[in-house]
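Structure record follows, encoded as structure tokens.
The values are calculated or read from the model by the stated rules, or taken from the named source; none is laboratory data. Just so it is clear, the structure is predicted and the values come from calculations on it, not from any experiment. Because the Cβ atoms are built from the backbone with ideal geometry, glycine has one as well, and the counts that use them run over all protein chains shown. When the accessible area is computed, the model is the full protein with side chains, heavy atoms only, and any ligands, DNA or RNA have been set aside. Shrake-Rupley method; radii C 1.70, N 1.55, O 1.52, S 1.80 Å.
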Amino acid sequence: MEPSSLHIIRDEHAALAAMLHALGMMLERGPGSDPAGFFDVLGAMLFYIDEFPERLHHPKETQLLFPKVAQLAPQTRELIDRLDHDHAHGETSVRALQHQLMAWELLGESRRRAFDEAAKRYCSFYLEHMRLEESVVFPAALAVLAPGDWQEIDAAFATNCDPLTGKYPRDPVYDKLFTRIVTRAPAPIGLG
Ligand SMILES: [Fe+2]
Ligand SMILES: [Fe+2]
């Protein structure tokens, strides 16, 4: 049976991938006749990415899962260095995107292309990052980690409750944010 931490990582990756696809669809649609709603939802999506994956998901991969895998499966070390580097720069990237979105909203069309290109690059980079974790790091971890290692990692990830996976009760603090995203974003993440 797969360790529960890997299940949680997969769930969180799926939630994040759905968010990134929805963000891409929003960009294809453009602001249309409701620019206020458009910028509101995109801003909420970027805020979500900054709030959950950047603060909860990546640190646990970097602190708990990756070091043990890199130590016991040295062939993964180079890739893990690259993934750690991605984690270290993730917050800066998403903050830069938030700033570029604000520039488009407040300064107008001349800033649209910069955001559009940066957001598309960010989405493909992130999807590739998650793909490498699942296709290279997970199999290596399963091959080399002992039951005691998994107990420790599983316990740490179990406290990591991303409400967008749909598997945990919602934290009331974030309810407003999710309602904003879900009522206006396109499927599969939302109803709009
Ligand atoms: Fe990661
Ligand atoms: Fe991840």
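Please specify each residue of the range 1-31 satisfying the condition of being more than 30 Å from Leu106 (Cβ to Cβ) and either of a type in the set (Gly, Ala, Ser) or outside any helix (DSSP H, G or I) (or both). First the steps, then the outcome.
Let us first name the residues in the range 1-31 that are more than 30 Å from Leu106 (Cβ to Cβ), namely 1-14.
Residues satisfying the conditions are Met1, Glu2, Pro3, Ser4, Ser5, Ala14.
Can you pull out the residues in the range 97-135 that are under 18 Å from Met45 (Cβ atoms), open to solvent by less than 30 Å² (accessible area, probe 1.4 Å) and within 14 Å of ligand 2 (Cβ to nearest atom)? Across the range 97-135, the qualifying residues are Tyr126, His129, Met130. Residues in the range 43-55: is at least one touching a Gly at 6+ places or on another chain (Cβ under 9 Å), open to solvent by 10 Å² or more (accessible area, probe 1.4 Å) and within 14 Å of ligand 1 (Cβ to nearest atom)? Within the range 43-55, one or more residues are touching a Gly at 6+ places or on another chain (Cβ under 9 Å), open to solvent by 10 Å² or more (accessible area, probe 1.4 Å) and within 14 Å of ligand 1 (Cβ to nearest atom). Considering the range 37-96, and only residues there that are more than 13 Å from Ile181 (Cβ to Cβ) and among the small types (Gly, Ala, Ser), the residue that is farthest from ligand 2 (Cβ to nearest atom) turns out to be Ala96. Put simply, of Arg131, Arg113 the only residue that is closer than 23 Å to Ala36 by Cβ and not acidic (Asp, Glu) is Arg113. Remark: pairs (first residue in the range 126-148, under 16 Å from Leu79 (Cβ atoms); second residue away from ligand 1 (no atom under 16 Å from the Cβ) and open to solvent by less than 10 Å² (accessible area, probe 1.4 Å); Cβ separation under 9 Å; 6+ apart in sequence or on different chains) = Val137/Ala73; Ala140/Ala73; Ala141/Ala73; Ala143/Ala73; Val144/Ala73. Filter the range 67-87 down to the residues that are open to solvent by less than 30 Å² (accessible area, probe 1.4 Å) and within 17 Å of the chain's Cα centre (by Cα) and list them by number. Selection gives Leu83, Asp86, His87.
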